[in-house]
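Written out below as structure tokens is the structure these notes cover.
Each value in this text was obtained by applying a stated rule to the coordinates, not by laboratory testing. Fair warning: this is a prediction, and the values are worked out from it, not measured in the lab. Glycine also receives a Cβ, built like all others from the backbone with ideal geometry; neighbour counts cover every protein chain displayed.
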Amino acid sequence: MSYLGPGWPQPPYGGYAARPSTAPAYVSAALFAACAVISLVVSIISWDGSTRSIEAVLAVPGMMFSEDLTGNVDFGISMGISVGCTFVLLAILLAARLAFARWLTAILGAVVVLYHVYAIVKVLVDGGGAFIAALTLSLVLWLLAEIVVLLPAVGQAMR
């Protein structure tokens, strides 16, 4: 054990640096798992596209493009379920602390965040401001998960 001089603390663990905590990786995985579950839930609730759950229909990832592409809610529901299942898998890979999963999750998560921003703007421009509560909540959760996965502590936890 080396002596650093008076007033300097001794390094922990016999001169080795402390191992970084793995908790940030698990927190990030849990946040993305929550986002995936919300995506799956709103997709299942909106399965038939009925107007009784208009906020849930609007919160489905991909629903804003559904009318333009297929003329019905099929594309939106398919996209919402695909996003949910993809991020469940990525959350599992994040929990396993695979470094490539962090960057893949960050890139795909940014696409979903940008979609939610677009969806909120589109709903507001179309005059549906009373129906954006679920969409805004979803955006906040996705944005929080995206910020957490990009923190340096998560990168250190992946090692």
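Residues in the stretch 133-150 carry Karplus couplings, in order, of 4, 5, 5, 5, 4, 5, 4, 4, 5, 5, 5, 4, 4, 5, 5, 5, 5, 8 Hz; the curve used is 6.51 cos²θ - 1.76 cosθ + 1.60 with θ = phi - 60°, and Gly or Pro positions show x.
Expressed as a fraction of 2.2 N^0.38 Å, the value expected for a compact globular protein of N residues, the C-alpha radius of gyration of the stretch 77-159 is 1.23. Dividing the helix sum by the residues of the chain, where each DSSP H run of 4 or more adds -39500 (n - 2.57), gives a mean residue ellipticity at 222 nm of -22500 deg cm²/dmol.
What angle do you read, to the nearest 10 degrees and between 0 and 90, between the alpha-carbon axis of helix 23-45 and the longest principal axis of the chain? Roughly 10 degrees between the two axes. Between LEU114 and ALA130, full extension at 0.36 nm per residue minus the direct alpha carbon distance yields a gain of 3.7 nm. Shape analysis of the chain yields a ratio of the Cα radius of gyration to the Kirkwood radius, Rg/Rh, of 1.20. Working value for the stretch 22-82: equivalent-ellipsoid semi-axes of 27, 12, 7 Å, each the square root of 5 times a Cα gyration tensor eigenvalue, largest first. Peptides 27-35, 120-128, 58-66, 71-79 ranked from most to least packed, by the mean per-residue count of other Cβ atoms within 10 Å: 58-66, 27-35, 71-79, 120-128. Where does the Debye-calculated log10 I(q)/I(0) of the stretch 83-126 sit at q = 0.15, 0.25, 0.26, 0.32 Å⁻¹, using only Cα point scatterers of equal weight, no solvent? Each listed q maps to, in turn, -0.45, -0.81, -0.84, -1.05.
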